[in-house]
Amino acid sequence: MFRTSVVASAILLSGFTNAFYDSVPFVAWANHPSAAIDLLQEENPTVPSHAQLLNSLMSTDELCSLDSVIIVGQPGLHASKLASLSDRSHLKTRLHNASSKLHFPYVPVSSVPETDVVARDVAALCGFAADEWTLGTSYKGSSKRVVYFDLPETTEKFWNSDDENLEQNLEQITSQFNSYAVFLAGTSSSVSTLVTKRQQPNSLSRPSFTNQPHTVATFANATLPTGSILARYQLLTPGLLIALIITFGLLIPLLMIGINALASIQSPLRTESPKGPTLEKKNQ
């Protein structure tokens, strides 16, 4: 019975752990106030696709008025890695100092195109040039542009080295532009067994910005996506997952051990030999 409870707990925990395994975070911020970013963070309680996020952010010309839009991707990036960063990390410091920011921790990875595809779409919409960034690049003149790059995929548990790498690149890029916005998103992992390149939508199937304009207000009031409740709401936070692990992985097995131990104890009244008047009656 004890073994059965342990197996059942492990199966249940694995289901909760994998609930958002095929999701990636989307983080955006700007060094100038942005109504599009602020309203999208405040008014949208659902778990949108990557295309829906970009449609809402780019529904007006606000971000196109900036000097640069920086698109950053990383294969295999998960919300748990960003959550593990300390408050003194470069990314959290930038978000703290940003005039506008948003964070969606669970975006379906199957909806996220490659970084260069996103950059070209944004550049086409704004009329910017799109350049793949390499360290040491210098941009001369006052032309506006979309700059994009990918962080290397990492299998490390913590994101500290990636945080340093991101900051090194952003420091060089942002120093060359007075106003900018940054989009950081996870992309499909090359070692993922759940989502492969074949499952990713290509640029032809992804909704375009110009054909499907979405204002922030209409997107916030849109119908909830179909599917299970885990696909519609952010139910499993890291704190809740830890509580479930403690409850089902530790407390319940201990409770079963205690019940089995109590059931195996024989009552002294049943095993003790009769004494006193009871024994005399039996002798008569």
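The values are calculated or read from the model by the stated rules, or taken from the named source; none is laboratory data. As the structure is a computational prediction, the values presented were derived from the model and not from experiment. Virtual Cβ from ideal backbone geometry, glycine too; neighbours counted across all protein chains shown.
Of all residues in region 142-178, which are charged (D, E, K, R) and either at pLDDT 95 or above or more than 17 Å from the chain's Cα centre (by Cα) (or both)?
Lys144, Arg145, Asp150, Glu164, Glu167, Glu171
Looking for something in contact with a Ser or Thr (Cβ under 6 Å, 6 or more places away or on another chain) and either more than 19 Å from Asn165 (Cβ to Cβ) or assigned to a helix (DSSP H, G or I) (or both) - is there at least one such residue anywhere in region 96-105?
Yes - at least one qualifying residue is present in region 96-105.
What do you reckon, is Tyr106 crowded, with 16+ Cβ neighbours inside 10 Å and free of Cβ contacts under 8 Å to residues at least 60 places away in the same chain?
Taking the combined requirement at face value, the residue does not satisfy it.
Considering every residue within region 71-81, establish whether at least one is in contact with a helix residue (DSSP H, G or I) (Cβ under 6 Å, 6 or more places away or on another chain) and assigned to a helix (DSSP H, G or I).
Scanning region 71-81, I find no residue that is in contact with a helix residue (DSSP H, G or I) (Cβ under 6 Å, 6 or more places away or on another chain) and assigned to a helix (DSSP H, G or I), so the answer is no.
Just name the residue that is farthest from Phe177 (Cα to Cα) out of those in region 65-87 that are surrounded by fewer than 20 Cβ atoms within 10 Å (Cβ to Cβ) and aliphatic (A, V, I, L, M).
Result: Ala83.
Please go through region 130-141 and give me each residue that is surrounded by fewer than 19 Cβ atoms within 10 Å (Cβ to Cβ) and under 23 Å from Glu167 (Cα atoms), ordered by number.
Scanning region 130-141 gives Asp131, Glu132, Thr134, Leu135, Gly136, Thr137, Ser138, Tyr139, Lys140.
The rows are residues; the columns are (1) aromatic (Phe, Trp, Tyr); (2) more than 28 Å from Thr154 (Cα to Cα); (3) in contact with a Lys or Arg (Cβ under 9 Å, 6 or more places away or on another chain); (4) modelled with pLDDT under 90.
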{"position": "Asn18", "(1), (2), (3), (4)": "no, no, no, yes"}
{"position": "Met58", "(1), (2), (3), (4)": "no, yes, no, no"}
{"position": "Val69", "(1), (2), (3), (4)": "no, no, yes, no"}
{"position": "His78", "(1), (2), (3), (4)": "no, no, no, yes"}
{"position": "Thr93", "(1), (2), (3), (4)": "no, no, no, no"}
{"position": "Ser110", "(1), (2), (3), (4)": "no, no, no, yes"}
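Determine which single condition Thr93 fails, assuming it passes every other condition in (1) over 18 Å from the mean Cα position of the chain (by Cα); (2) in a loop (DSSP other than H, G, I, E, B).
(2)
Restricting to region 119-153, give me the number of residues that are assigned to a helix (DSSP H, G or I) and touching a helix residue (DSSP H, G or I) at 6+ places or on another chain (Cβ under 6 Å).
Residues in region 119-153 being assigned to a helix (DSSP H, G or I) and touching a helix residue (DSSP H, G or I) at 6+ places or on another chain (Cβ under 6 Å): 1 in total.
Applying the selection to region 154-182, what residues are part of a loop (DSSP other than H, G, I, E, B) and closer than 22 Å to Leu53 by Cβ?
Correct list: Trp159, Ser179.
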